[in-house]
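Here the structure is laid out as structure tokens; the discussion comes afterwards.
The values are calculated or read from the model by the stated rules, or taken from the named source; none is laboratory data. Model, not experiment: these values are computed from the prediction. Neighbour counts are summed over all protein chains in view; Cβ atoms, including those assigned to glycine, are modelled from backbone coordinates with ideal geometry.
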Amino acid sequence: MLRKYSHLICLATVVGLMLQIPPATARDAPTRKSVEYEIKAGFICKFVKFCTWPDASFANSDAPITVGILGFDPFQSIIDEAVEDLKIKGRSFQIRRYTPSDDYTSCHILFISAAEHNHIPAIMAKLADKPILTISESHNFCRQGGMINFHIVDNKVRFQINEKAARRTGIEISTRLLQIADVVDPTR
């Protein structure tokens, strides 16, 4: 039985080690934030391994995965560096930055800045059933129809997943990822 779950135990251990954010001091505040966003950028890349988009989401078999950032960009160049020369599932990455007035409906992953918190219902309505993995760090994001929400618990980056929102758009999230997430059911 233990052998059956050894890959999950290993994954959970690695994730636990990755997630630790150094304690904040006044002197390190910028460093702490950059570590936090390095971890979040790494997660965004790793989510691709555990998610499957409908075939029609990509123009062809080697089309890049487009990661959009809507609103204020807390990553700065961190996410660009994280995806440089990275290929997952045979696809490279491209990063696009959007303002709220742009058309952001053609990306595969959309990170919605916490600064857009008041506009989340309108953003979710605009994305409706489009197969775009929506990610944020905004309070109650998953309860408002978002798919993945980052939050900090005990100085560690954790994430919640609204699997129903993903499934509604045709995106499948691996049970391996769901097992290490806080799964949110927006109907409860």
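Can you pull out every residue in segment 150-172 that is among the hydrophobic types (A, V, I, L, M, F, W, C) and under 28 Å from S34 (Cβ atoms)? Listed by number, the residues that qualify are F150, I152, V153, V157, F159, I161.
For R96, the conditions (1) buried (at least 19 other Cβ atoms within 10 Å of the Cβ); (2) assigned to a strand (DSSP E or B) are fulfilled apart from (1).
Taking the listed residues F75, F47, F43, the one that is surrounded by 15 or more Cβ atoms within 10 Å (Cβ to Cβ), part of a loop (DSSP other than H, G, I, E, B) and either modelled with pLDDT of 95 or more or under 19 Å from the mean Cα position of the chain (by Cα) (or both) is F75, with no other qualifying.
Of the candidates D80, D102, the single residue that is surrounded by fewer than 17 Cβ atoms within 10 Å (Cβ to Cβ) and part of a loop (DSSP other than H, G, I, E, B) is D102. Does segment 119-135 contain any residue that is acidic (D, E), modelled with pLDDT of 95 or more and either touching a Pro at 6+ places or on another chain (Cβ under 8 Å) or part of a loop (DSSP other than H, G, I, E, B) (or both)? Within segment 119-135 (the criterion being acidic (D, E), modelled with pLDDT of 95 or more and either touching a Pro at 6+ places or on another chain (Cβ under 8 Å) or part of a loop (DSSP other than H, G, I, E, B) (or both)), the answer is no, since none of the residues qualifies.
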